[in-house]
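This report concerns only the one structure given below.
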Amino acid sequence: MTTVNFNNLGVIRKKLSKETLDKLNNYIKVKKQNWNKELVGQIDSSFFLEDKNNWFFENELLPCIQEYLDSCPKDGWIIPNTLNKNLPFKLESMWVNFQKKYEFNPFHTHSGLFSFVVWMKIPADYEKEKKLPFVKHANCAYPNTFQMFYINSLGRMCTYDCHLSPDDEGTMLFFTANRPHQVYPFYTSNKTRVSISGNVVLNSRIIKHA
């Protein structure tokens, strides 16, 4: 008797180093123009961030890209092979989100090939939030949750739920940009949740020669 499990694409979860988090916090301190109009988030404020000297892209994102491509079930799932061999990746955009109590990010996807989210500050704890009177009797409790969607081999819509707590600060999720996801609100803290997101694309202006 043999069991065969069908392949699918998932997500990379990584705890970032203090050096990386210090870099990102410095990016936040010198944040650029307001980015709210570029996003679907129903949140207080978002700002564009500059990746100085491509440090974050080269030290954190490129290794994740390679790991993701190496783990793909087969070539061509993410990028047509001809493009993969001739066009380099680049960080198209990166921004910081400041999310307050009751605010949320509705169901959406990103542009590009890959996307990521880094939780910098998480003031609320899912374990406390799920005990709220209007949550505790529900058969699915999603306060303070980052939720991703995927289709299994039977065509069923499934979710990957990240129930957030302060322990998740400094964690990055790396995934395909077309992965649908949403962020539920939190209710038990008056402090601000801070996260960084961004998109990776193929740089069509540069062709790599063999």
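If you consider only alpha-carbon coordinates, what radius of gyration and Dmax does the chain have, in Å?
Rg, Dmax (Cα atoms, Å): 18.1, 62.
Using a basic spin-label model with each label point 7 Å from the Cα along Cα→Cβ, how many nm lie between Leu69 and Ser17?
2.3 nm
Fully extended, how many nm does the chain gain between Phe104 and Cys158 (0.36 nm per residue separation, minus their Cα-Cα distance)?
Additional length available on full extension: 17.4 nm.
List the relative contact order of the chain as a percent without decimals, with contacts defined as Cα pairs under 8 Å and 6+ residues apart.
31 percent
With +1 assigned to the C-beta of every Lys and Arg and -1 to the C-beta of every Asp and Glu, and no other charges, what is the dipole magnitude of segment 12-202 about the Cα centre in debye, to the nearest 20?
About 400 debye.
Starting from the Cα of Lys37, draw a straight line to each of the aspartates and glutamates and keep only those under 17 Å, dropping any in the same chain fewer than 8 residues away.
Result set, ordered by chain and number: Glu92, Glu103.
Which one of Gln66, Tyr184, Asn7 has its Cα pushed farthest toward the positive end of the charge dipole of the chain, where Lys and Arg give +1 and Asp and Glu give -1 at the Cβ?
Looking along the dipole axis, the top candidate is Tyr184.
Test of understanding: what is the full-extension gain from His137 to Asn190, defined as 0.36 nm times their sequence separation minus their Cα-Cα distance?
Working it through step by step, the gained length comes to 16.7 nm.
For segment 103-147, with the dipole built from +1 on Lys and Arg beta-carbon atoms and -1 on Asp and Glu ones, taken about the Cα centre, which of Phe107, Pro143, Met120 lies farthest toward the positive end?
Farthest along the dipole direction, towards plus: Pro143.
Taking 32 Å as the cut-off for C-alpha to C-alpha distance, list the pairs among Lys32/Lys128; Lys32/Lys131; Lys15/Lys52; Lys90/Lys131; Lys29/Lys101; Lys29/Lys131 that go past it.
Distance filter (> 32 Å) returns Lys32/Lys128; Lys32/Lys131; Lys90/Lys131; Lys29/Lys131.
Which aspartates and glutamates does Lys136 reach when only Cα atoms under 16 Å apart count, and residues fewer than 8 places away in its own chain are ignored?
Of all the aspartates and glutamates, those that pass the test against Lys136 - Cα under 16 Å, at least 8 places apart if same chain - are Asp125, Glu127.
Any read-out appearing in this document is the output of simple, stated calculations on the displayed coordinates, not a laboratory observation. Quick caveat, the model's predicted, so the values are computed rather than measured. Using ideal geometry, Cβ is built from the backbone for each residue, glycine included, and neighbour counts are taken over all protein chains shown.
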